[in-house]
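Visitor: One structure is given below, represented as structure tokens, and several questions about it will come after.
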Amino acid sequence: MAERLHARRARSNIPVTMGADELPATLRAALVGAIGERNLLTDPDLKASYEIDWTRRFHGRAAAVVRPATTAEVAAILRACSAAGRAVVPQGGNTGLVGGGVPRDGEVVLSTTRLTGPCSVDAAAGEIVVPAGTTLHQVQEAARDAGFDFGVDIGPRESCTIGGMIAANAGGVHVLRYGMMSEQLIGVEAVLADGSVIGRVPGLRKDNAGYHLAALLAGSEGTLGVVTRAHLRLTPAMPERAVALLGLDDVEAAVAVMRQVRPALPSLAALELILAEALDLVCRYAGVAAPLRGAHPVVLLIECAGQTSPREELLAALESAGGLVRESVAADDAAGVRRLWRYRDAAGEAINAAGVPHKLDVAVPLAAVPEFVARVRAAVAAAAPEARVAIWGHVGDGNLHVNILGLAPGDAPIDHDVLRLAVELGGTIAAEHGVGTQKTADLPLARSAGDLAAMRAIKAALDPRGILNPGVVVMR
Ligand SMILES: Cc1cc2nc3c(=O)[nH]c(=O)nc-3n(C[C@H](O)[C@H](O)[C@H](O)COP(=O)(O)OP(=O)(O)OC[C@H]3O[C@@H](n4cnc5c(N)ncnc54)[C@H](O)[C@@H]3O)c2cc1C
């Protein structure tokens with residue numbers, strides 16, 4: 001029953017022709033003309049992996065999956081789908097966590113995984129141009145080969161695509177140093193619903209000739225256009241790293257340590273929080289011992305990075321926070337750094353292995369993090385005593401991932417309570433994963449009526465027939 005409610009909510013926002021699982025002959029012919037028979041998938045077995053998300057919480061049936069290899073093919077597909085009034089769901093690596101990249105029912109999934117090609121680095125400018133289907137890992141390799149790095153790093157780096165990361169405005173572990181995906185953009189090329197191509201790639205760092213369309217596409221979650229190419233800034237390589245895991249008594253202590261060490265760490269690259277339930281899940285999943293001897297309610301991961309070893313700087317800063325730290329472990333060799341990061345990196349896989357989680361990605365002001373954690377735990381315990389809560393996140397940005405196990409996939413009231421609480425404490429319902437279909441109904445909690453009207457006006461202007469990812473982000 002709960003499952004059906006969820007499906008109904010998602011479908012209720014969809015204005016264009018939906019529900020038909022088969023493609024009309026004219027649309028089919030147009031799509032075959034655009035990309036060839038081989039890249040139009042209608043066989044249920046071939047479509048299956050495109051129809052369900054990484055958490056297995058969101059799924060639907062696609063009328064077809066199309067796999068263009070060029071911007072011109074994307075344009076031809078969108079022209080054909082626009083003419084037929086058929087909704088299109090852009091999909092990159094399908095690692096999104098809010099249901100925005102999987103079909104609801106009867107849509108055409110436009111997979112960008114064939115939009116690949118050489119990554120072109122301009123070393124003098126410290127920039128790279130890539131097709132949208134390029135994975136984050138491929139960008140990182142190309143950057144490193146040229147002596148650079150890329151500012152955004154997230155766990156599913158081998159699968160997630162640059163187009164998907166722009167569309168989601170991905171954040172990740174290094175936002176406190178380099179910002180989110182929107183801050184890496186120099187230019188973006190995208191195809192609008194009517195098949196017209198917008199944006200400038202390669203672009204220019206300084207180009208105020210009109211609206212910044214790349215910024216508009218960041219975080220648009222496939223609702224305004226299909227990103228086909230990107231021009232991104234690179235960051236200087238910081239090959240020397242030092243990581244410490246600190247065992248702490250409570251979340252208040254984590255915030256106090258951050259207050260203490262932050263000003264003393266110019267090489268700070270990441271500040272991550274792992275609460276005990278999440279650490280326990282990781283240890284069981286990965287079959288590894290806990291990183292610290294004692295059982296601490298809270299673990300704070302601090303990473304510093306530089307061109308020379310930041311080890312001494314990190315250790316000196318930790319000394320200044322000594323009274324709050326119950327126990328710590330540190331590493332500055334590559335294997336040791338990887339080993340300590342694993343306790344944080346594996347959290348998503350670990351919770352997925354334990355069930356189908358409700359994942360709620362929120363941000364609150366740092367000072368409110370302890371109260372938020374305490375009240376989320378209390379709210380879930382009261383509403384669903386059998387549910388388990390595991391919390392971790394990019395606490396340096398006030399960004400927490402609340403994961404709840406033991407709820408039916410469509411059982412949404414607790415999700416809404418958690419999101420409301422984040423807003424009540426001065427935060428937002430969507431920090432870095434986006435709105436997707438998961439939080440569309442909650443958007444008015446976080447955005448004013450004026451903001452929502454402006455978003456709807458932009459959507460209506462760029463996609464008047466509402467064919468691009470209907471039901472995602474804004475309701476019409
Ligand atoms: C284990 C794990 C850890 C994660 N950690 C983080 C994290 O730390 N920080 C973070 O921000 N995210 C994180 N994510 C979420 C996810 O990886 C990001 O949202 C990523 O940016 C999605 O990229 P993708 O190519 O997989 O996009 P998809 O999942 O395929 O799509 C995401 C959204 O973008 C749209 N889209 C995809 N490609 C395009 C395109 N070319 N043009 C227009 N729209 C498009 C889709 O319609 C959908 O709405 C994590 C996910 C997993 C599974």
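Visitor: Would you calculate the separation in nanometres between label points at residue 158 and residue 377, each defined as 7 Å from the Cα along the Cα-to-beta-carbon direction?
Guide: Here the answer is 3.5 nm between the modelled labels.
Visitor: Additional query: Given a 1.4 Å probe and every protein chain left where it sits, what share in percent of the accessible area of the chain is carbon and sulfur?
Guide: 54 percent
Visitor: Then there's this: Classify the range 160-264: rounded, prolate or oblate, from the alpha-carbon gyration tensor (a ≥ b ≥ c, eigenvalue square roots; a/c under 1.5 rounded; otherwise prolate if a/b is larger than b/c)?
Guide: prolate
Visitor: Using the per-residue mean of other Cβ atoms lying within 10 Å as a proxy for protection, in what order, highest first, do the peptides 439-445, 43-49, 63-69 fall?
Guide: Result, highest mean Cβ count within 10 Å first: 63-69, 439-445, 43-49.
Visitor: How would you rank 239-246, 461-468, highest first, on the average number of other Cβ atoms within 10 Å across their residues?
Guide: 239-246, 461-468
Visitor: Only Lys, Arg, Asp and Glu count, each charged at its Cβ (+1, +1, -1, -1), so figure out the dipole size of the chain about its Cα centre, rounded to 20 debye.
Guide: 1020 debye
Visitor: While we're here: Zone of residue 288 (label point 7 Å along Cα→Cβ, backbone N under 11 Å): which residues in the range 320-360?
Guide: 335-347
Visitor: Could you tell me the extents of the range 57-102's C-alpha atoms along the three principal axes, largest first, rounded to whole Å?
Guide: If we take the Cα atoms of the range 57-102, the spans are 32, 22, 14 Å.
Visitor: So with the 1.4 Å probe, I'd like the accessible area per residue for the chain, rounded to whole Å².
Guide: For the chain, the per-residue accessible area is 40 Å².
Visitor: May I ask you to derive the relative contact order of the range 88-156, considering only C-alpha pairs under 8 Å and at least 6 residues apart, and to give it as an integer percent?
Guide: 24 percent
Visitor: Run the simple label-point estimate for residue 146 and residue 423 please: 7 Å along Cα→C-beta, distance reported in nm.
Guide: Spacing of the two 7 Å Cα→Cβ label points: 4.2 nm.
Visitor: I'd like the antiparallel share, as a percent to the nearest 5, of DSSP beta bridges with both residues in the chain.
Guide: 85 percent
Visitor: Quick check: from the Cα gyration tensor, does the range 160-220 come out rounded (a/c under 1.5), prolate or oblate?
Guide: Here the range 160-220 falls in the oblate category.
Visitor: Once you charge only the Cβ atoms, +1 for Lys and Arg and -1 for Asp and Glu, what is the size of the charge dipole of the range 152-271 about its Cα centre, to the nearest 20 debye?
Guide: Around 460 debye, computed over the range 152-271.
Visitor: Still on this structure, I have one more. Given all pairs of different Cα atoms, what value in angstroms does the Kirkwood hydrodynamic radius of the range 274-359 take?
Guide: 14.3 Å
Visitor: Could you state how much accessible area residue 150 has, in square angstrom rounded to the nearest 10, with a 1.4 Å probe and all protein chains kept in place?
Guide: 10 Å²
Visitor: Using the Cα atoms of the chain to build a convex hull, what is its mean projected area in square nanometres?
Guide: 21.9 nm²
Visitor: Can you compute the modelled spin-label distance between residue 308 and residue 26, with each label point 7 Å from Cα toward Cβ, in nm?
Guide: Taking the simple label geometry, residue 308 and residue 26 are separated by 7.1 nm.
Visitor: Tell me whether the range 200-335 comes out rounded, prolate or oblate; compute the Cα gyration tensor, take square roots of the eigenvalues as a ≥ b ≥ c, and use a/c under 1.5 as the rounded threshold.
Guide: Judged from the Cα gyration tensor, the range 200-335 comes out prolate (a/c at least 1.5, a/b above b/c).
Visitor: Let me ask another. Once you have the alpha carbon radius of gyration of the range 390-476, what is it after dividing by 2.2 N^0.38 Å, with N set to its residue count?
Guide: Scaled against compact globular proteins, the figure is 1.21.
Visitor: Which of the lysines could a cross-linker span from residue 439 if the Cα-Cα distance has to be under 20 Å and same-chain partners fewer than 8 positions apart are dropped?
Guide: Correct list for residue 439: 359, 459.
Visitor: Can you compute 3J(HN,Hα) from phi for each residue in the range 302-310, using the Karplus curve 6.51 cos²θ - 1.76 cosθ + 1.60 with θ = phi - 60°, rounded to whole Hz and x for Gly and Pro?
Guide: Once θ is set to phi - 60°, the couplings for the range 302-310 become 10, 10, 10, 9, x, 7, 10, 4, x Hz.
Visitor: Moving to a separate point now. Can you tell me, using C-alpha contacts under 8 Å and at least 6 residues apart, the relative contact order of the range 12-134 as a whole percent?
Guide: Relative contact order of the range 12-134: 28 percent.
The values are calculated or read from the model by the stated rules, or taken from the named source; none is laboratory data. A quick note: this is a predicted structure, and the numbers were derived from the prediction, not measured. Virtual Cβ from ideal backbone geometry, glycine too; neighbours counted across all protein chains shown. Surface areas here come from the heavy atoms of the whole protein model, side chains and all, with no ligands, DNA or RNA. Shrake-Rupley method; radii C 1.70, N 1.55, O 1.52, S 1.80 Å.
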